[in-house]
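*Asks:* Provided herewith is a single structure, encoded as structure tokens, for subsequent inquiry.
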Amino acid sequence: MIDYIDLIFPNEKYDEISNLNFKFQIYNNHIFFMEHDEKISSIIKYAKYGHMPSSFKLIGNVMGKTLLSKGIDADIITYVPMHRIDEYKRGFNQSYILAKLISQITKIKLCSNILVKTKRTYNQASLNFVNRMNNLKDVFQAHDNLSAGRKIIVVDDIWTTGATLKECEKVLLNNKASSVILVTIAKNKKKQIY
């Protein structure tokens, strides 16, 4: 079966991505590779909203190699899911692309159906801190038969306030995951949830 990730080709942001300074950083259970700045913001916005997902293939490749070199391990890797309507409209889920590349490199099994987004929400980028938290309340579900007793890596593109990833973590832990590691490309310097 052909996966849409196999049909993604390079774009003009490759030189900019190649010049990014990826540096393995960890805070609590959150792994990230750079502070969120104008350069990475431009690349991610171009990829997400310009329908150019190939940027995420190159970034995911670097993330995967770095995680492998640092000995990061888990039972399964998954990603922040989009609501099916939103993923259809965009044409891809950037977090899936990152997770798939990381999985291929680290050989950690990718599990696409452990987390499900059951409700559509407002775009997090358009909301303030408090509204981000309320926007995500009870929108994710986890399958406990897939998560129970497992160490799980959850991948997303950016940690802005942490609301999305912390909600995914909460759902997985409530469904008896043994531990959760959160992985993003970048972390915002502003208000955080830890």
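*Asks:* What is the magnitude of the charge dipole of the range 10-150 about its Cα centre, with +1 placed on the Cβ of each Lys and Arg, -1 on the Cβ of each Asp and Glu, and no other charges, expressed in debye to the nearest 20? If you can, show how the numbers build up before the last one.
*Replies:* Numbers: 20 positive and 12 negative charges, 65 e Å.
With only Lys, Arg, Asp and Glu charged at Cβ, the dipole is about 320 debye.
*Asks:* Considering only protein heavy atoms and a 1.4 Å probe, what is the carbon-and-sulfur percentage of the accessible area of the chain?
*Replies:* Details: 5050 of 9830 Å².
Percent of accessible area from carbon and sulfur atoms in the chain: 51.
*Asks:* Hey, what do the phi angles of the range 51-65 turn into as Karplus ³J(HN,Hα) couplings, whole Hz, using 6.51/-1.76/1.60 and θ = phi - 60°, x for Gly and Pro?
*Replies:* Here the 3J(HN,Hα) series is 6, 10, x, 5, 4, 6, 5, 5, 5, x, 5, 5, 4, x, 4 Hz.
*Asks:* Given a 1.4 Å probe and heavy atoms of the protein chains only, how would you sort 84, 150, largest accessible area at the top?
*Replies:* From most exposed to least exposed: 84, 150.
*Asks:* A further question on this structure: Using a probe radius of 1.4 Å on heavy atoms only, what accessible surface per residue do you get for the range 30-155? Whole Å² is fine.
*Replies:* 48 Å²
*Asks:* If I stretch the segment between residue 112 and residue 137 completely, what's the gain in nm (0.36 nm per residue apart, minus their alpha carbon distance), one decimal? Intermediate results must be reported in sequence, preceding the final value.
*Replies:* Values: separation 25, 0.36 × 25 = 9.00 nm, distance 2.12 nm.
Extra length from residue 112 to residue 137 when fully extended: 6.9 nm.
*Asks:* Could you tell me which of 64, 158, 124 has its Cα farthest along the dipole of the chain towards the positive end, charges placed at Cβ (Lys, Arg +1; Asp, Glu -1), taken about the Cα centre?
*Replies:* 124
*Asks:* Still on this structure: Only Cα pairs within less than 10 Å get springs; with that Gaussian network setup on the chain, which residue of 67, 110, 20 has the largest fluctuation?
*Replies:* Checking each option, the largest mean-square fluctuation is seen for 20.
*Asks:* Can you compute 3J(HN,Hα) from phi for each residue in the range 119-124, using the Karplus curve 6.51 cos²θ - 1.76 cosθ + 1.60 with θ = phi - 60°, rounded to whole Hz and x for Gly and Pro?
*Replies:* Running phi through 6.51 cos²θ - 1.76 cosθ + 1.60 with θ = phi - 60° gives 10, 6, 10, 6, 4, 4 Hz.
*Asks:* Could you tell me which residue out of 51, 108, 182 lies farthest along the dipole of the chain toward its positive end? Charges go on the beta carbon: Lys and Arg +1, Asp and Glu -1, centred on the Cα centre.
*Replies:* Toward the positive end, the furthest listed residue is 182.
*Asks:* Here are several values of Cα Rg over 2.2 N^0.38 Å: (1) 1.18; (2) 0.95; (3) 1.10. Which one was derived from the coordinates shown?
*Replies:* Evaluating Cα Rg over 2.2 N^0.38 Å on these atoms matches (2).
*Asks:* As a check on your grasp of the helix formula, calculate [θ] at 222 nm for the chain: sum -39500 (n - 2.57) over DSSP H runs of n ≥ 4, divide by the residue count, round to the nearest 500.
*Replies:* Value at 222 nm, helices only, nearest 500: -11500 deg cm²/dmol.
*Asks:* Another question about this same structure. Restricting to bridges with both residues inside the chain, how much of the DSSP beta-bridge set is antiparallel, in percent to the nearest 5?
*Replies:* Of all bridge pairs located within the chain, approximately 25 percent are antiparallel.
The values are calculated or read from the model by the stated rules, or taken from the named source; none is laboratory data. Since the structure is predicted, the reported quantities are computational estimates derived from the model, not experimental observations. Don't worry about glycine lacking a Cβ; one is built from the backbone with ideal geometry, like all the others, and counts go over all protein chains shown. Remember, those area values only see protein heavy atoms, side chains included, never the ligands or the DNA or RNA. Shrake-Rupley method; radii C 1.70, N 1.55, O 1.52, S 1.80 Å.
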